[in-house]
1. Among the residues of segment 52-84, write down those that are among the polar types (S, T, N, Q), more than 18 Å from Ser132 (Cα to Cα) and crowded, with 16+ Cβ neighbours inside 10 Å.
2. Please indicate, with yes or no, whether at least one residue in segment 1-11 is modelled with pLDDT of 75 or more, of a type in the set (A, V, I, L, M, F, W, C), over 30 Å from Lys118 (Cα atoms) and more than 33 Å from the chain's Cα centre (by Cα).
3. Starting from segment 123-144, keep only residues that are touching a residue at least 40 places away in the same chain (Cβ under 8 Å) and under 23 Å from Asn70 (Cα atoms), then list their pairs with residues that are among the charged types (D, E, K, R) and surrounded by fewer than 12 Cβ atoms within 10 Å (Cβ to Cβ) whose Cβ atoms are within a distance under 9 Å, requiring at least 6 positions of separation or different chains.
4. Do we have Val32 as in contact with a Ser or Thr (Cβ under 8 Å, 6 or more places away or on another chain) and either at positive phi or open to solvent by less than 90 Å² (accessible area, probe 1.4 Å) (or both) here?
5. Could you please tell me which pairs satisfy a Cβ distance under 9 Å, a separation of 6+ or placement on different chains, a first residue in segment 159-178 that is in a helix (DSSP H, G or I) and at pLDDT 80 or above, and a second residue that is surrounded by 12 or more Cβ atoms within 10 Å (Cβ to Cβ) and charged (D, E, K, R)?
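The values are calculated or read from the model by the stated rules, or taken from the named source; none is laboratory data. No experiment lies behind these values; they were computed from the predicted model shown. Ideal geometry is used to build each Cβ from the backbone, glycine not excepted, and the neighbour counts take in all protein chains shown. The area values use the complete protein model at the heavy-atom level, side chains included, leaving out ligands, DNA and RNA. Shrake-Rupley method; radii C 1.70, N 1.55, O 1.52, S 1.80 Å.
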Amino acid sequence: FSNLVPGQVPAKTMKGKELTGSMWWTLAEQYVRAIIAGNINIESAFDSMTRKENTKSSGAAIEAYKAEMNQLTLPQEMEALIAANTKAHAAATEIFLKTAVNGHNNQEYSDSMNRKLKECFDSIVEKNERSSEQTCMQILGDLYQAIGEKVSNGGFTQSGGHQAYKDEVWFFVFSQKL
């Protein structure tokens, strides 16, 4: 029987969307609640199932986006972040479109998902900026270490020390090709 039915009976659809097991479960729950309450409204049961499925689809799409973006090693050039965002956003949208239930308020779920994806991207850009600043400070600290040691050892405290310090810094700046 379990092999016959899926192979012989066409998939059930509602408002153009093929129903999954969890969708059937949600509809059945809603119908039973409506019957018990004496308020049988099949349309509201479908709307409830649609909300639940679209919320789940949006959540899965956002999690897929985050998983892909979290694979990036920061800091990155902005072009690389934008390229990764474009790819992850397209994958998230594809997940949403494949799993969402078509309804009159699909745009609402899509817009909400896109706002959340933008918030995620903005957060990653902020993290990237902080990471870039930390990396730059580390590099500058490492490069300046030799001059810092001379300052600490009093190497510039004798007559002409200020000019020697300026010369050392000038040489440091122009020899590094920063």
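1. Listed by number, the residues that qualify are Asn54, Ser57, Ser58.
2. Start the filter on segment 1-11 by keeping residues that are modelled with pLDDT of 75 or more, which leaves none.
The answer is no; no qualifying residue exists.
3. none
4. no
5. What qualifies is Ala164/Lys150; Tyr165/Lys150; Glu168/Lys150.
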